[in-house]
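Engineer: What follows is a single structure, and I will ask about it in a moment.
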Amino acid sequence: MPESAISPSLIQAYLAADYRVDAELPFTLKVGVFSEPLAHLLQRHQSDCAAYLTACNPLGRDVGDIENAARQAELSRELKGRSLRFIDGVGLDSQSEETQKWPGEVSFLVLGLSLEASRALGRKHEQNALIWCGKDAVPQLVLLR
């Protein structure tokens with residue numbers, strides 16, 4: 001499917017979202033904004049990249065809490081099977097609670113996952129997009145369809 005299959009409003013929502021990382025000292029990633037806590041985390045773990053991934057709500061369809069939990073558990077097993085270090089997180093609509101259009105999505109910040117491997121995992125788990133960061137610690141939106 002071409003990248004244009006993702007609506008401009010959905011792309012805007014991804015760009016505006018808050019990507020919370022539940023590290024020892026929690027922090028939030030914003031697309032296009034340098035993250036000092038992420039830079040320190042990458043350095044501490046001798047990693048030059050990270051991906052922010054979820055398996056929830058495939059292709060933007062709300063599949064409910066039970067299926068989302070099962071999908072996220074499968075992603076967790078896959079990451080553990082690859083011996084990758086990951087930290088829990090939640091992708092949040094940046095709107096106020098009163099105007100939020102979608103609930104938070106349970107996610108993982110995966111350390112050391114290359115852009116190519118991140119894309120493959122995101123596609124495998126039927127995601128529209130993911131967040132990827134290189135050693136510059138500036139999160140970027142990566143569209144998958």
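The values are calculated or read from the model by the stated rules, or taken from the named source; none is laboratory data. None of the values given here were measured: they were computed from a predicted structure. Glycine gets a Cβ as well: all are built from the backbone with ideal geometry, and neighbour counts include every protein chain shown. Quick note on the areas: whole protein, heavy atoms, side chains included, nothing else; ligands and nucleic acids left out. Shrake-Rupley method; radii C 1.70, N 1.55, O 1.52, S 1.80 Å.
Engineer: Determine, yes or no, whether Arg85 is open to solvent by 80 Å² or more (accessible area, probe 1.4 Å), more than 19 Å from Leu141 (Cα to Cα) and more than 11 Å from the chain's Cα centre (by Cα). Can you show your working first?
Structural biologist: Details: open to solvent by 80 Å² or more (accessible area, probe 1.4 Å): yes; more than 19 Å from Leu141 (Cα to Cα): yes; more than 11 Å from the chain's Cα centre (by Cα): yes.
Criteria met by Arg85.
Engineer: Starting from residues that are in contact with a strand residue (DSSP E or B) (Cβ under 6 Å, 6 or more places away or on another chain) and assigned to a helix (DSSP H, G or I), keep the ones in segment 53-95 and report whichever is farthest from Ala16 (Cα to Cα).
Structural biologist: Step one: filter segment 53-95 for residues in contact with a strand residue (DSSP E or B) (Cβ under 6 Å, 6 or more places away or on another chain), giving 53-54, 56, 72, 79, 84-87, 89-92, 94.
From what is left, the residues that are assigned to a helix (DSSP H, G or I) are 72, 79.
On the way: Gln72: 23, Leu79: 27 Å.
Among them, the one singled out is Leu79.
Engineer: Looking for whichever is touching a His at 6+ places or on another chain (Cβ under 7 Å) and either among the hydrophobic types (A, V, I, L, M, F, W, C) or at negative phi (or both) here; the options are Ala16, Ala50, Ala55. Which one fits?
Structural biologist: Ala55
Engineer: For the structure I just gave you, tell me whether Ala39 is open to solvent by less than 40 Å² (accessible area, probe 1.4 Å) and closer than 26 Å to Ala5 by Cβ. It would help to see each step written out before you state the result.
Structural biologist: Working: open to solvent by less than 40 Å² (accessible area, probe 1.4 Å): yes; closer than 26 Å to Ala5 by Cβ: no.
So Ala39 fails the test.
Engineer: Scan segment 105-127 and give yes if some residue there is out of contact with any Lys or Arg (no Cβ under 7 Å at 6 or more places or on another chain) and modelled with pLDDT under 95, otherwise no.
Structural biologist: Yes, segment 105-127 contains a residue that is out of contact with any Lys or Arg (no Cβ under 7 Å at 6 or more places or on another chain) and modelled with pLDDT under 95.
Engineer: State the number of residues belonging to segment 43-68 that are loosely packed, with under 15 Cβ neighbours inside 10 Å and under 13 Å from the mean Cα position of the chain (by Cα).
Structural biologist: Within segment 43-68, residues that are loosely packed, with under 15 Cβ neighbours inside 10 Å and under 13 Å from the mean Cα position of the chain (by Cα) number 0.
Engineer: Would you say Val142 is β-branched (Val, Ile, Thr), surrounded by 14 or more Cβ atoms within 10 Å (Cβ to Cβ) and closer than 23 Å to Pro26 by Cβ?
Structural biologist: Values: β-branched (Val, Ile, Thr): yes; surrounded by 14 or more Cβ atoms within 10 Å (Cβ to Cβ): yes; closer than 23 Å to Pro26 by Cβ: no.
In short, no.
Engineer: Among the residues of segment 106-121, which ones are closer than 15 Å to Leu84 by Cα and surrounded by 15 or more Cβ atoms within 10 Å (Cβ to Cβ)?
Structural biologist: Ser107, Phe108, Leu109, Val110, Leu111, Gly112, Leu113, Leu115, Ala117, Ser118, Leu121
Engineer: Can I ask one more? Search segment 8-36 for residues being open to solvent by 50 Å² or more (accessible area, probe 1.4 Å) and of a type in the set (Ser, Thr, Tyr), and hand back the single one that is modelled with the lowest pLDDT. Working first, answer last.
Structural biologist: Narrowing segment 8-36 to residues open to solvent by 50 Å² or more (accessible area, probe 1.4 Å): 8-10, 12, 15, 20, 22, 24-26, 28, 30, 32-34, 36.
Next, only the ones that are of a type in the set (Ser, Thr, Tyr) stay: 9, 28.
On the way: Ser9: 88, Thr28: 98.
Selected residue: Ser9.
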